[in-house]
Structures are given as structure tokens and as C-alpha cells.
1. Any idea which of Arg57, Arg35, Arg21, Arg16 is surrounded by fewer than 11 Cβ atoms within 10 Å (Cβ to Cβ) and at pLDDT 90 or above?
2. Going through the stretch 1-20 one residue at a time, which ones are part of a strand (DSSP E or B) and of a type in the set (Phe, Trp, Tyr)?
3. For the stretch 21-50, give me the residue count where each residue is over 14 Å from Asp8 (Cα atoms), out of contact with any Leu (no Cβ under 8 Å at 6 or more places or on another chain) and not in a loop (DSSP other than H, G, I, E, B).
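The values are calculated or read from the model by the stated rules, or taken from the named source; none is laboratory data. In this text the structure is predicted, and so the values were computed from the model without any measurement. Here the Cβ is made from the backbone with ideal geometry for all residues, glycine too, and neighbour counts use every protein chain on show.
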Amino acid sequence: MAALDWRDARHYDRTRTLSCRWCGHPTPLRDEQRRPAHKVCAEAAMNNNDGGPPLPRNGAAANPAPI
């Protein structure tokens, strides 16, 4: 299972929440294309081949952020 690296502040919109493109629940998170998406929803879609975001090319998926 691949993990996405969303440590960059650009993945967080502190001004508003929008409906996640995958589950429909509110989220302040944004994917690489600035579309509203929960990290877990994007990872699930990616791992299920449901059109989730592409894996990062810089190896970040191999070194996810610690919890």
C-alpha cells in the first residue's frame, strides 16, 4: 500500500473546507491539483486504481511522514 506525502503546507486550506472529491465529507485538505481530498481517501482510490493521484516521483511515498 502506497502512502502520499502531504507534509507540504500547500495541501492545507486554512480559509475554507470543501467536500472531499472521494467521500463527500468536508475537508480543508487539497490534493496536488488543489482539489479537496482527504489523504486517506486519495490513498484508497490510488491503491484501488480508482483514478487516485499519481505516486510522487521524488520517493516520498517510500518515506511517509511519521504519525
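1. Of Arg57, Arg35, Arg21, Arg16, the one residue that is surrounded by fewer than 11 Cβ atoms within 10 Å (Cβ to Cβ) and at pLDDT 90 or above is Arg16.
2. Tyr12 - this is the single residue of the stretch 1-20 that is part of a strand (DSSP E or B) and of a type in the set (Phe, Trp, Tyr).
3. Residues flagged as over 14 Å from Asp8 (Cα atoms), out of contact with any Leu (no Cβ under 8 Å at 6 or more places or on another chain) and not in a loop (DSSP other than H, G, I, E, B) within the stretch 21-50 amount to 5.
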